[in-house]
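Following: one structure in structure tokens, then a few remarks.
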Amino acid sequence: MPNALITGSNRGLGLAWVHQLASENWQVFASCRHPNDATELNALARHSDNIRVHRCDVTVPDDIRGLYWDLEDQTIDLLIANAGVYLEKGATRLGSLRFDDWMRTIEVNVFGQVRMVEAFHNNLERARNPLVVPISSHMGSVTDITSPGSYYYRSSKAALNAAMRGLAAELTVDGIGLMLL
């Protein structure tokens, strides 16, 4: 049975991947910041022996270390780096930028994903055809900006794309594939 580790698995795309992969007989290690509040994820886990729910905030090194210790003997065939934030509510304009929110967005959407790849590199190397899937967005394209706003999110996804493209060469040498979505 192949193993998948999914961050941000308590809702949206992350939850959909948990459901899909578990139904296809994958062992799914589903992580999120607040597993006690992850009602839908916990309901899925109660009905499937293939889902294990873990606490992990990708911005907290101790959380990542704890998750690594829980899974250090596991092979990871698929790492879906899905955890992310979009903190810009309403119009963001010059004069109203919240740099703390911008830094938090970069911390989660870029550093958190890279931290997960780094932490689980050895687990991935042990798999036959490992794959890392960081979740980006069309908003990370610097050539596709046609309107103002979403500065925090856009810049975080552009930075994620650049970081992962840079890591791709190293991962490829180690036999790990990368599919940027």
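The values are calculated or read from the model by the stated rules, or taken from the named source; none is laboratory data. Just so it is clear, the structure is predicted and the values come from calculations on it, not from any experiment. Heads up, the Cβs are rebuilt from the backbone with ideal geometry, glycines too, and the neighbour counts pull from every protein chain shown. For accessibility, only protein heavy atoms count, side chains too; no ligands or nucleic acids. Shrake-Rupley method; radii C 1.70, N 1.55, O 1.52, S 1.80 Å.
A residue that is modelled with pLDDT of 95 or more and either closer than 24 Å to ALA38 by Cα or of a type in the set (Ser, Thr, Tyr) (or both) cannot be found anywhere in region 144-167. When region 1-18 is filtered for residues that are open to solvent by 30 Å² or more (accessible area, probe 1.4 Å) and either touching a residue at least 60 places away in the same chain (Cβ under 8 Å) or out of contact with any Leu (no Cβ under 6 Å at 6 or more places or on another chain) (or both), the ones remaining, listed by number, are MET1, PRO2, ARG11, GLY12, LEU13, ALA16, TRP17. Checking VAL114, VAL110 one by one, the residue that is assigned to a helix (DSSP H, G or I), touching a Pro at 6+ places or on another chain (Cβ under 9 Å) and under 24 Å from SER156 (Cβ atoms) is VAL114 and no other. Residue by residue through region 81-135, note down the ones that are at pLDDT below 95, hydrophobic (A, V, I, L, M, F, W, C) and exposed (fewer than 15 other Cβ atoms within 10 Å of the Cβ). Correct list: ALA91, LEU94, LEU97, PHE99. When ALA38 is tested against (1) touching a Lys or Arg at 6+ places or on another chain (Cβ under 6 Å); (2) farther than 23 Å from LEU178 by Cα, just one condition goes unmet, and that condition is (1).
Looking only at region 54-69, filter to residues that are touching a residue at least 40 places away in the same chain (Cβ under 8 Å) and open to solvent by 30 Å² or more (accessible area, probe 1.4 Å); which one of those is nearest to HIS121 (Cα to Cα)? Once the filter is applied, the top-ranked residue is TYR68.
Just to be sure before I move on: is VAL53 β-branched (Val, Ile, Thr) and not in a helix (DSSP H, G or I) in the structure I sent?
Judged against the criteria, VAL53 is a match.
Condition (residue is touching a Leu at 6+ places or on another chain (Cβ under 9 Å), open to solvent by 30 Å² or more (accessible area, probe 1.4 Å) and assigned to a loop (DSSP other than H, G, I, E, B)) applied to region 26-47: is it met by at least one residue? Yes, because at least one residue in region 26-47 is touching a Leu at 6+ places or on another chain (Cβ under 9 Å), open to solvent by 30 Å² or more (accessible area, probe 1.4 Å) and assigned to a loop (DSSP other than H, G, I, E, B).
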